[in-house]
Amino acid sequence: MSERPLSFLDRPNSYIGKSVPRPNAQRLLQGRGVFVDDIRLPRLLHAAFLRSPYAHARIKHIDTAAASRRPGVVRVVTAADLAGLCTPWVGVLTHLKGMKSAPQHPLARDRACWQGEPVAAVAAESRAEAEDALAEIAVEWEELPPLASAEAALAPGARAIHDTLGDNLAFARAVDAGAVDDAFARADAVVAETFTFARHTGVCPEPRSILAEFDPGDRRLTLYCSSQAPHMMKEIVLRHFPLAETDVRVVCRDVGGSYGVKIHVYPDEMAVIALALLLGRPVKFVADRLESFVSDIHAREHRVAARMAVSRTGEILAIAIDDLTGIGPYSTYPRSSAVEGNQIVGLTGSWYRSANYRARLRVAFQTKPPMSQYRAVGHPIACAVTEGLVDLAARAIAMDPAELRRRNLIADEAYPWKSPAGLLFEKLSHQRALERMLELMDYEGLRREQRDLRAKGIHRGIGLASFVEITNPGPAFYGVGGAPISAQDGCSVRLEPGGSVTCAISVTEQGQGTETMVAQIVASVLGVALARVRVVTGDTERTPYGGGTWASRGTGIGGEAALQAAKALRANILDLAGAMLQAAPGDLDIAEGWIVDAETGARRIGLEEVGRAGYFRGDTLPPLTQPELMATRHHQPRDYPFAFTNGVQASWLELDIETGFVRLLKHWVVEDCGRMVSPLLVDEQIRGGVVQGLGAALFEECLYDAAGQLRNGTLADYLVPMAAEMPDIEVAHLETPLAGTELGAKGIGEAGTAGAPAAVMNAINDALAPLGARVSEQPITPARILRALGRL
Amino acid sequence: MLTPARETRRARWEDVLKAPSFAYLRASSLAQVFDALAEHGEDARILAGGQSLVPALNMRLSEPRLLIDINPIAALTGIERRGGMLRIGALTRHSEVGASPLVARLAPLIHQAIPHIAHPAIRNRGTFGGSLAQADPAAELPACVLALDAVLHLASRRGERAVSARDFFRALYETALAPDEVITAIDVPVAPQGTRSVFVELARRRGDYALVGLAAEAREVGLRLVFFGVGNKPVEAGAASAALAAGITAERIAAAQAALARDLDPPGDLQADGATKLHLARVLLGRAARALMAA
Amino acid sequence: MSESVDIRLTVNGQAVARRVAARQSLVDFLREELGLTGTRAGCEHGVCGACTLRLDGAIVRACLLFAAQLDGASIETIEGLSRSGEIADLQAAFHQHNALQCGFCTAGILVAAAALLRRGGVPSRAEIRDFLSGNYCRCTGYHAIIDAVEATCRARAGKSAP
């Protein structure tokens, strides 16, 4: 696997590479998780929001008097009431040249720009009473023309949604690398397709939730929130509310799913903080499922016109794309809403050798809910466009699609590699991954089965999709653009007097297994049992400073910080043990909770003896010995802007050509995320990600009418993937460790979602091919398939 | 189960999911129900299984002043054979109907339909009569009772009356049930020897309301084809059925599929437009007819 | 006939008497009045299955019932099923297979799966998927959940994995 020397991580009792059950899952299995809605505080108030029923409308007048008189209602506020309390924000990143957006406020001021934008808030003794009061708020609206589609928003003469911005172009980018026109001119075949991707949303099982507790006595604010990034959230609060850095604490206990949804600044959550400040009482807001559909970020509304040039010998000569996306009326704060499009431009085609690449991106404002980063930002689109083109090209030159990939994927020996759009790949394994996949799925066998069944009128399809995945983003991602988002993470590790270990780390847990991963690393380095490590996350007052968990950075960055902190503590422990035992620290080691003779493994003293001596019996230590039984280390990626991973997915499905229904039979993933700390957790990240991608491919779509009204904003009407339609998912791994860190881990959170829609789309098109039909619009619904087949 | 696709453009967007205030009456007898209905009229709603009503209450799409809970009335539950009829109490849960050997034997169409209704936890609570009273045009049971020529027994303080399924379903969510009436039981004619039943539906996901469904019952007296999810109520496909009257053959199936355009003019919904629904109805018709041929 | 209703019921084997607002859902009653927060409100319109619990032995959605309806009823929640040990093997299998991530939907899925287990026998994977088709999980992709339920069915039936 790797040529690197054996380290602590490779020792016999190491937990690295072992699948251990998550210690913190036990309480969740007994229903004892503590999510924000489970927290009970005295004098707690509940917030509910009146939201705009229109996609675009002027607020001429709001009368809250009747609502304020309802039983149980403590306060009804509108934008005017919060004006001095919370400063507005603008969601732009300064390094994305030319990007613009308009100031946003907790409650819409004189105009609402999407159906669902919060307009007034009620704080009451119960959520039901707050909802009762909403009906009593009288708003006089003047409807304004909606601008629902990105095309319409950018059409010549379109009225700017925000007058001050001049037009509706939030961001644009162009790439032109190599000799694209030449390549298309000399190609034996050129394939072209316009791919469309429906707007969809995250649908976290636990909706967005926040509880703001403000003590007017000492002006201290404690936020309990369902968030991935507590330190960022604190920084945001400090930027926009009149509070001191010492007086704000953000606590994230259990988080019921997030997937990128819970990392943005939402106006209603800012309004809740303002209400707590205003009222001096704790205020809780748990978005209900209906308002989640119109207030959580959406993602993925893109239309990509794409072309590929290929030679008859199967060389991909050039790729060109033109991406148009609509992001709602504001760029989301603080990560912006341009990153998805930006990543599509960066990623498309990047895993193939072709040096000729042209891309154009236009990001438009429109009157729909804001879009922003959701799991696998941009990847599923870049992958579907690229892999869709590859399959088209294979068909055009009558070459097997696996063979065309084999001939064009970057060679495993070619690294480091720079893509035409400028992405730097340290070391990837596309060729090996493809070969492993073909063997895992028995590609040739499946092709035979497919042919045999076709003869019997059964239409099955095979779809392949190679991909790269962006993980471990460095400081050049957000920090450089002025966002208060840390690219580094820190970990403190402390030996307790009884010989156990407490570890506090700034990466966070939303069920991925962050705490287990950290415990595995720390236990392995310190030579203690996993059960002897307690990991603390999600509290700005109890953990070192850091970015949190997003963009697949928990293991690659947080894990490395944990590794280095544990190594430092190990050295300190051995120093102290050496002093106690009058031995050279280098002659000692720690194993199974004991200080042992490094050479023979003979047990000398237990860790608890070291702990007790350090904390209680300084009198027994040699003079000038100062025990340091806690160590802190930080890590941030510096060598490369990102750590890329790679992989390939495959889908096997059956198409009912009479009904257009698709039955997913099997799904495979081969991926390379560098060193795996826990294969079990890696598999589960993959599988969960795949199903989010399958949802996008087949089911999920926020359906809007021309007036900008959401037509399917209930969980009955918005179709999430459920167990009965999902296939078994087989996962296999390669391990190409990341250089530049000792752990060698890359991320894994996006990979499943990145490749699944492409694999399914290609499989459907593979099944459709003999019938002369194809689809390029996701989700691929029965109606769209029937239309492609000409049956309607 | 939940129906309301919130298609209607609302002047407010309240996004509420806590039910509004109402008074609650736990009824232990029909007499009590009748009294309450007489007194409160349209301000009262009957609460049976609640699997459609409660979501509507939570969304405040319905704001009754009084909820009359009929669940304690034991007389409304149960399945028994009464001569040529199978009587199903209105309050009988879907799961009981699905597990009943009597239903499996005497009303196999209903037996086939039950597993398509939502999910186990919903079927444990939802009721046979409640589904008919709700009259969702995409629901399974209204189509079944229409295909089976069932008779619904309605009762009020004014007395009892029997209404045929054919007369019961009137328009979108509209039935013959008067505001002061309750469905007490449903009589389903027992399937004679040689009856063939086929129930098929196409739903995007397991347990979802169907895009299109078909309840088909072939008895000596004739073939009944009732589609659901294709109109504002279950729709009997008379022309298609007539095309198959002389016996099912491949040619006649094609003729029946063609004739379906005379029976159905499906409105579109979130999942499919009318043309797609008509196409899918034809596919289901073909499949059901071939299954009947084979049965 | 009133907007508040007196109820007496059994919750996890314990007698409970309360006066409740007629409009209070069972899931809110358990969470707000009894502190039984293991039953979760995920959608409040009967779709996600996170509030699945047992009413008189049968699984139901707690967001589609009012507490006022439950006079004389017996309720079992994840807290009760955990304490009784009835689903200890299922919980262990979920732990072993990592059949949960964020844990928000987990109680509902366990209670639903327990109903399938009570039927006995070893259902196919497709049957397990079908039975759990009304329980939404966004994290796991369902595969591990099916693994864990299948393994528990097999163990209870005294059959090892194929």
**Most to least packed among B:274-282, A:40-48, A:666-674, A:428-436 [average Cβ atoms within 10 Å]** = A:666-674, B:274-282, A:428-436, A:40-48
**Request:** Quickly estimate the mean residue ellipticity at 222 nm for chain A, helices only: each DSSP H run with n ≥ 4 gives -39500 (n - 2.57), and the total goes over all residues, rounded to 500.
**Result:** -8000 deg cm²/dmol
**Request:** Relative to the compact-globule scaling 2.2 N^0.38 Å, provide the ratio for the alpha-carbon radius of gyration of the stretch C:86-156.
**Result:** 0.95
**Request:** Rounded to the nearest 10 degrees, what's the angle between the helix C:106-118 long axis and the longest principal axis of chain C, both from Cα atoms, 0 to 90?
**Result:** 70 degrees
**Request:** With label points built 7 Å along Cα→Cβ from the Cα atoms of B:Asp149 and B:Ala255, find their separation and express it in nm.
**Result:** 2.3 nm
**Request:** Give me the net charge of A:Leu574's neighbourhood, meaning all other residues with Cβ under 10 Å from the Cβ of A:Leu574; Lys, Arg count +1, Asp, Glu -1.
**Result:** -2
**Item:** Helix B:250-263 vs. chain B, principal-axis angle (Cα, 0 to 90°, nearest 10)
**Value:** 40 degrees
**Asked** So which of A:Lys456/C:Lys159; A:Lys60/A:Lys368; A:Lys368/B:Lys233; A:Lys666/B:Lys277 end up more than 27 Å apart, counting from Cα to Cα?
**Response** A:Lys456/C:Lys159; A:Lys368/B:Lys233; A:Lys666/B:Lys277
**Request:** Enumerate by residue number the trypsin sites (Lys or Arg not before Pro) in the stretch A:667-744 meeting two conditions: DSSP loop (anything except H, G, I, E, B), and at most 11 other Cβ atoms within 10 Å of the site's Cβ.
**Result:** none
**Fill in**
Going residue by residue through the stretch B:92-98, the Karplus relation 6.51 cos²θ - 1.76 cosθ + 1.60 with θ = phi - 60° gives ³J(HN,Hα) values, rounded to whole Hz and with x marking Gly or Pro, of 5, 6, 4, 5, 5, 4, x
**Message:** I'd like to verify something in chain A: which complete DSSP H helices, judged by Cα projection on the helix axis, reach 20 Å or more and average at least -1.0 on the Kyte-Doolittle scale?
**Reply:** A:379-396, A:560-581, A:679-698, A:751-768
**Prompt:** Between the helical axis of C:88-97 and the dominant principal axis of chain C, each derived from Cα atoms, what acute angle in degrees is found, rounded to the nearest 10?
**Reply:** 60 degrees
**Message:** Taking the square root of 5 times each eigenvalue of the Cα gyration tensor, what semi-axes in Å does the equivalent ellipsoid of chain B have, largest first?
**Reply:** 33, 23, 15
**Message:** I want to verify a result. In a Gaussian network model of chain C, Cα cutoff 10 Å, which of these has the top mean-square fluctuation: C:Val11, C:Val149, C:Val27?
**Reply:** C:Val11
**Asked** Accessible area, 1.4 Å probe, largest first: how do B:Arg123, A:Arg451, C:Arg31, A:Arg353 sort?
**Response** A:Arg451, A:Arg353, B:Arg123, C:Arg31
**Asked** In nm, to one decimal, how far is the A:Ile397 label point from the A:Ala138 one, both placed 7 Å along Cα→Cβ?
**Response** 7.2 nm
**Fill in**
Relative contact order in percent for chain A (Cα pairs under 8 Å, 6+ apart) equals 16 percent
**Fill in**
Given backbone amide H placed at 1.01 Å from N, residues whose amide H is under 5 Å from that of A:Leu147, ignoring those fewer than 5 places away on the same chain, are A:Thr367
**Message:** Can you compute 3J(HN,Hα) from phi for each residue in the stretch A:715-730, using the Karplus curve 6.51 cos²θ - 1.76 cosθ + 1.60 with θ = phi - 60°, rounded to whole Hz and x for Gly and Pro?
**Reply:** 6, 7, 9, 8, 8, 8, x, 10, 4, 5, 8, 8, x, 5, 10, 9
**Fill in**
At R0 = 56 Å the Cβ-Cβ FRET efficiency linking A:Thr94 and B:Ala75, nearest 0.05, sits at 0.15
**Fill in**
Across A:503-514, the residue-averaged tally of Cβ atoms belonging to other chains within 10 Å stands at 2
**Ranked packing of A:89-98, A:746-755, most packed first, by mean Cβ within 10 Å** = A:746-755, A:89-98
**Prompt:** Cα to Cα, under 24 Å, and not fewer than 8 places away if on the same chain: which lysines meet these conditions relative to A:Lys234?
**Reply:** A:Lys262, A:Lys284
**Prompt:** When you look at the Cβ of every residue in B:272-284, what mean number of other chain Cβ atoms sits within 10 Å?
**Reply:** 4
**Asked** ³J(HN,Hα) across the stretch B:169-178 via Karplus (A = 6.51, B = -1.76, C = 1.60, θ = phi - 60°), whole Hz, x for Gly/Pro?
**Response** 8, 10, 7, 4, 6, 10, 10, 7, 5, 6
**Message:** Given a 10 angstrom Cα cut-off, can you work out which residue in C:Asp28, C:Asp130, C:Asp89 is the most mobile in a GNM of chain C?
**Reply:** C:Asp130
**Item:** Average other protein chain Cβ within 10 Å of Cβ, residues C:32-38
**Value:** 3
**Complete:** Once amide hydrogens are built 1.01 Å from N within the peptide plane, the residues lying 5 or more places from A:Val533 or on another chain with amide H under 5 Å from its amide H are A:Val501
**Prompt:** With each run of n ≥ 4 DSSP H residues scored as -39500 (n - 2.57), what mean residue ellipticity at 222 nm is computed for chain B after dividing by its residue count and rounding to the nearest 500 deg cm²/dmol?
**Reply:** -9000 deg cm²/dmol
**Complete:** Once Lys and Arg are counted +1 and Asp and Glu -1 for all other residues with Cβ under 9 Å from that of A:Pro369, the total becomes 0
**Asked** Which of the GluC sites (Glu not before Pro) found in the stretch A:559-621 are loop residues per DSSP with 14 or fewer other Cβ atoms within 10 Å of their Cβ?
**Response** A:Glu592, A:Glu599
**Message:** Suppose a student asked you for the relative contact order of chain B, using Cα pairs under 8 Å spaced at least 6 residues apart; what percent would you report?
**Reply:** 14 percent
**Fill in**
Mean Cβ-within-10 Å packing, highest first, puts peptides B:250-262, B:230-242 in the order B:230-242, B:250-262
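The values are calculated or read from the model by the stated rules, or taken from the named source; none is laboratory data. Quick caveat: nothing in here was measured; it's all calculated off a predicted structure. Reconstructed Cβ throughout: ideal geometry from the backbone, glycine too, with neighbour counts over all protein chains shown. Side chains are part of the model used for accessible areas, which takes the heavy atoms of the whole protein and leaves out ligands, DNA and RNA. Shrake-Rupley method; radii C 1.70, N 1.55, O 1.52, S 1.80 Å.
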